[in-house]
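The values are calculated or read from the model by the stated rules, or taken from the named source; none is laboratory data. Being a predicted model, the structure only gives us computed values, none of them experimental. Neighbour counts run over all protein chains shown; Cβ positions are idealised from the backbone, glycine included.
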Amino acid sequence: MIKKTMLALGIFTLLFPVMAFAEDPSAATLNMGLNSLWVMLAFILVLLMQGGFILLETGSTRMKNAGHVAGKTIFTTGLAALIYWAFGYGMAFGGDSGVNALFGWGDFFFNPSISAAEGDSFPSTVFFLFQLAFAAVSLSIAWGGFAERAKLSSYIVFTVFFIAIIYPVVAHWIWGGGWLAEDGAQDFAGSTVVHLTGALAAFAATVLLKPRIGKFNKDGSANEILGHNQVFTALSVLLLWVGWFGFNAGSTVAIGDGFFGYVAFNTMLGAGAGGVAALLISWAVTGKADITTMLNGTLAGLVAITASCAFVDPWAAVVIGLVAGVLVFYSVKFFEKIKVDDPIYALSVHGAAGIWGTLANGIFATQLLADKVGVGTGGLIDTGSWKQLWVQFESVVVVGAFVLAASFLVLGVMKLIMGFRVTEEQEIIGLDLSEHGAYGYPEQMKKAGQNIQG
Amino acid sequence: MNDPVRLQLLKQISSVDHVEGLRNLRDQIHEHMEALLPTRPVEQFNEQLNEVHDAVIERSVILAEAEMARMGKGSPPVPYAYLLFGSGGRKEQTLSSDQDSGVVYVDPVADSADVKIYFKELCEIIVQNLQHTGYPPCEGNVLSSNSEWCLPLSEWAAKLDQWFEEPAWEAVRYLLIIADGRCVYGEKKLLDELKDSFFTDMLNHPIILQRMLDNTLRHKMLLGFFGQLLKEQYGEDAGSIDIKYGAYIPMVNSIRLLSIQEGIRETSTLERMNMLVKAGKLSEADAAIYGGAFRLFLRLRLMTTEQNSDDLYANNGKLSSRKLTKEMTDELKSSLRLGKKLQRAVLKQTMGRLT
């Protein structure tokens, strides 16, 4: 036995002599390699969040639309990759444009170098992938406003405009060296850039589409259109939660001194607090511990802590999460009251909590952490200054106005030219059948379909 | 207060000889009582209303007996009692209550199969008559026309024993239904004997109380953590408060459970409270405040949304908050708080008895 081993080792030494003489990699190369791995891992986690959106949207809607809802997420993520490669990345992070404060210009049909250049902390390829995954998340949030009644073609058209222009412009303003970045707007992983942007696109869509058939009664009261699978919805929250560690902690885009661990730590606290607060407020106000509200609360905690996870102390992360959990409960009530149909609760979870999370920086950010991240200053509590809160407020308002205007324009023109909503018959039969010709749950839906057609 | 119109209608009910006429009279009395509702104290109104319902039901039974005779099926072969359960049993029917009924008859010495068939056919006609008169049948099928609820005394006793032996959830529910049973027509003695079995079984199966307690406290008072009313969130009734299941039924259940433990045979909730005072289980002061709260629930329940359809009088037990004035809301909240207090007291007292 020993003999055989020695022989094998001897042969290997002869075959691969280079291994014995290879030079040790430099510290810089190791550092680059670790960072790249981390960003790559974060990209994978954020991409996997699409699985969360598939389950979230499917679970929160009805059986007759399940296949459509699930399938279109995969399709639009693929389309988003192509559009982001061709245009979006260049608008967000491309070289100088004449108006660099407003958008980037360059690197269209992005053709990256095959490895990291000397002195880079990671290759641009992983950065591209990471940013693409964020854009795709924002897009999937927007789909919440389309759910159960938009034509398949409208998904395609909106993907093009959202990924090529709307999202990249906002990303450029805050992360790509645009004018809000220069003002010191703090949005660590995208409460505004990703979540608020997606939610406002969803808002524009749901307003233009009008509520689903049967959501509101003539007297203005709302009906509860229950999703068909609460287990999917709960599982989606777990998938998103796990993915969020790529989203937030990955946004350090560096291993460095291990700061990403702190970001992840705050993220966990925010999520926990959001879920707890939502369940308690639901129980206290309605007498029932509503599961959907609790799930929304957890997501709202995550959305809110996204902007602030690198800027605040742990206690503040808990407070931010708690407030987000309560906020999302009342926000859902509010949108129902003004008769805006929000099937997936995107407006409340990503919109209201996204605004809160962004503003929370202005209140809770500490000078120490702001200096560490290198963006903006400490907030109201730490510094006593209103400056950062004002900057945060400004970024919410400006981004909000831009995204709303752009989304209404794109979707409004689309509605005029090609139509946005399926016909009443198609909506009642379900989009699985009307848009794709087959049900997601053929056995269960067959009977219902026959009833409608017969 | 004497009400000549009502007395006149009562008199007509007791002599009407066909179902259409009875229906017509019920419509008149419904209209009449509806108009009276805001003007009368609720207890008196409730009493008068239930007197009318009793008269209509009694007449329906008599008409059914006559119909059976006309069809050549003869008169009742043995004495029987026509029983009301639910709100009818408790003398707490609203303007639009449904039918919950049963029959107990004397054990026949011979031809028990024929007797069974006779009562089955009779009850089918009674239930139909009442349906014509606008009373929807019980959704849970607690109806005299259901052969499970139309039995001779000995079979009833056996059934009760079985329920007590195996107190599954449904059996406990049935036992609590029996506790509210009241004879509206026929031999009252038969019901007394049925209740004798019931209370004997109660004494022999003290453990049943635990199951009854679980069932009794299942419905919660609709008062939130902040002392706010818990209203319907969604649907046509959004903003309404479920008076029936969120205020009235929890109180009925609580008082019923206390009464069962004392062997009290009264079925109306207010009478049960009086008997509890006499038995020393409820202080005069408590009975007064709980009674006040219950009267409010009765009043609000009479104001709940009507859902008349297919010529049936029905309501959903829910009160639109538009009908609630500020004062009524405050009164309702404090009454619901009392209801919660009563539920806690029932829990404490019953658990104390069990240990």
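Odds and ends about this structure:
Results for (1) surrounded by fewer than 18 Cβ atoms within 10 Å (Cβ to Cβ); (2) modelled with pLDDT under 95; (3) of a type in the set (Ser, Thr, Tyr), shown as yes or no for each residue.
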residue	(1), (2), (3)
B:Arg295	yes, no, no
B:Gln307	yes, yes, no
B:Thr325	yes, yes, yes
B:Leu336	no, no, no
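- A:Thr293 being out of contact with any Asp or Glu (no Cβ under 6 Å at 6 or more places or on another chain), within 12 Å of chain B (Cβ to nearest Cβ) and at pLDDT below 95: no
- Residue selected from the stretch B:233-271 under the condition within 28 Å of B:Asn50 (Cβ to Cβ), touching a strand residue (DSSP E or B) at 6+ places or on another chain (Cβ under 8 Å) and assigned to a loop (DSSP other than H, G, I, E, B), by the criterion farthest from the other protein chains (Cβ to nearest Cβ): B:Thr267
- Of all the criteria given as (1) within 14 Å of the chain's Cα centre (by Cα); (2) not polar (S, T, N, Q); (3) not in a helix (DSSP H, G or I), the one not satisfied by A:Tyr167 is (3).
- Conditions (1) farther than 30 Å from B:Glu166 by Cβ; (2) of a type in the set (Val, Ile, Thr); (3) in contact with an Asp or Glu (Cβ under 6 Å, 6 or more places away or on another chain); number of the one not met by B:Ile243: (3)
- So A:Gly374, is it of a type outside the set (S, T, N, Q), within 20 Å of A:Ala189 (Cβ to Cβ) and modelled with pLDDT under 95: yes
- Considering residues of the stretch A:202-229 that are touching a Ser or Thr at 6+ places or on another chain (Cβ under 9 Å) and farther than 14 Å from A:Phe420 by Cβ only, the residue farthest from the other protein chains (Cβ to nearest Cβ): A:Phe203
- Residue in the stretch A:403-416 that is part of a helix (DSSP H, G or I) and either more than 25 Å from A:Phe162 (Cα to Cα) or charged (D, E, K, R) (or both) present: yes
Table: residues versus (1) more than 18 Å from A:Thr58 (Cα to Cα); (2) modelled with pLDDT of 90 or more; (3) among the hydrophobic types (A, V, I, L, M, F, W, C).
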| residue | (1), (2), (3) |
| --- | --- |
| A:Val396 | yes, yes, yes |
| A:Val399 | yes, yes, yes |
| A:Phe402 | yes, yes, yes |
| A:Leu411 | yes, yes, yes |
| A:Lys415 | yes, yes, no |
| A:Glu425 | yes, yes, no |
| A:Leu431 | no, yes, yes |
| A:Ala448 | yes, no, yes |
| A:Gln453 | yes, no, no |
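- Of all residues assigned to the stretch A:303-322, at least one qualifies as being in contact with a helix residue (DSSP H, G or I) (Cβ under 6 Å, 6 or more places away or on another chain), over 16 Å from A:Ala264 (Cα atoms), assigned to a helix (DSSP H, G or I) and not charged (D, E, K, R).
- Here A:Thr125 meets each of (1) part of a helix (DSSP H, G or I); (2) farther than 25 Å from A:Ala202 by Cβ; (3) in contact (Cβ under 8 Å) with a residue 40 or more places away in the chain with one exception, condition (3).
- Boolean, A:Asp257 is over 18 Å from A:Leu45 (Cβ atoms), of a type in the set (Asp, Glu) and either within 14 Å of chain B (Cβ to nearest Cβ) or crowded, with 20+ Cβ neighbours inside 10 Å (or both): no
- Residue satisfying condition, being hydrophobic (A, V, I, L, M, F, W, C), closer than 29 Å to B:Tyr290 by Cα and either without any contact (Cβ under 8 Å) to a residue 24 or more places away in the chain or not in a helix (DSSP H, G or I) (or both), within set B:Leu213, B:Leu203: B:Leu203
- Candidate set from the stretch B:218-231 (those that are surrounded by fewer than 20 Cβ atoms within 10 Å (Cβ to Cβ) and at the interface with chain A (Cβ under 9 Å from one of its Cβ atoms)); member that is farthest from the chain's Cα centre (by Cα): B:Phe226
- Boolean, B:Asp192 is at pLDDT 95 or above, of a type in the set (D, E, K, R) and out of contact with any helix residue (DSSP H, G or I) (no Cβ under 8 Å at 6 or more places or on another chain): yes
- Residue check, B:Asp114 more than 21 Å from the chain's Cα centre (by Cα) and charged (D, E, K, R): yes
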